[in-house]
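Values quoted throughout were computed directly from the atomic coordinates according to the rules given, and no laboratory measurement underlies them. Every value quoted in this text rests on a predicted model; they were computed, and no experiment measured them. Glycine gets a Cβ as well: all are built from the backbone with ideal geometry, and neighbour counts include every protein chain shown.
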Amino acid sequence: MEKIQQALERAKQQRERAGKDVSARQSHAEDVQSIIYTRTQSMEGHAEMQRENRILSAMEHSEYADAFKILSTQVMQRMEEHQWSSLAITSAGKNEGKTTTAINLGISIAREIEYTVLLVDANLREPELHKYFGITPEKGLSDYLQHDADLADLLIRPGDIDHFVLLPGGAPIMNSTEMLGSPKMCSLVEELKDRYPKRVIIFDLPPVLNTADTLSFVPCIDCALVVVEDDATKEVELKQTIDLLSVTNIIGTVLNKTRY
């Protein structure tokens, strides 16, 4: 009889915990749904350009969208497990698909009712993330770091994607390594994490093996995801990239441009 009573008590506790978890998720969802971006600019992107760049917001439902939904689910499971909210997207070399991955991962996460997403163009030598949407912002991250521009004036909602905000890179700068590794940049990461509940901040960073920019910045963020191009990224390059990124938490790799 005592064992039955104990089992019933354990079941009751489990139901109570499950109820609390559901209530917490509902509360977070309500918090996200109630967010109103009062100062964030809205810029209508170029739909055809977005389709050419394989941006999910301009594409119909497809296996491509499903792949990013699977990826976003895996990423968020690992980040939630450790209560992480800042993620770097990078690659070993150029043209391996990291920016497209960063954009589509961000859009896929933003479509979940529990999260908002801020996508930051941290490739300050070649800031091109805005071009994928077909928009032309006047200022960006470089203006914040160099000239103390008001962050609220730099944020953009590209098109009508709910809960998805872009911080463009701004004008290219040559001292990008110093800027990305500065205390001001690390403080910005913390500010962005604290501004809204359940916010995920994704940083589109330069390739690891091309400049020191990414290595100077990744100690400021929670984790990183490495994009690998099928039949292009060499094994030795990937190993070197992983070794260099050991100062942060690597949650996985994304195989891109595969033909299979």
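Below, the figures for the structure above:
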| item | result |
| --- | --- |
| Likely footprinting exposure, His130, His46, fewest C-beta neighbours within 10 Å first | His46, His130 |
| Share of Cα-Cα pairs in the stretch 118-260 lying beyond 25 Å, as whole percent | 30 |
| Rounded to whole Hz, the Karplus (6.51, -1.76, 1.60) HN-Hα couplings of the stretch 134-142, x for glycine and proline | x, 10, 10, x, 7, 9, x, 4, 4 |
| Between the stretch 176-235 and the stretch 142-175, the alpha-carbon center distance in angstrom | 15 |
| Order of Cys220, Cys186 - criterion: other Cβ atoms within 10 Å of each residue's Cβ, fewest first | Cys186, Cys220 |
| Other-chain or far-sequence residues with amide H under 5 Å of Arg199's (modelled H) | Thr116 |
| Within the stretch 117-260: Cβ-based charge dipole about Cα centre, in debye rounded to nearest 20 (Lys, Arg +1; Asp, Glu -1) | 240 |
| Karplus-derived 3J(HN,Hα), 6.51/-1.76/1.60, for each residue of the stretch 214-224, Hz, glycine and proline x | 5, 5, 6, 9, 4, x, 7, 10, 6, 7, 9 |
| Across Lys94/Lys193; Lys139/Lys193; Lys131/Lys239, pairs whose alpha-carbon gap is larger than 23 Å | Lys94/Lys193; Lys131/Lys239 |
| Convex hull volume of the stretch 175-244 per residue (C-alpha atoms, cubic angstrom) | 93 |
| Relative exposure of Asp160, Asp143, Asp121, judged by other C-beta atoms within 10 Å (fewest first) | Asp160, Asp143, Asp121 |
| Neighbourhood charge, 9 Å Cβ-Cβ cut-off, centred on Phe164 and excluding it, Lys, Arg +1 and Asp, Glu -1 | +1 |
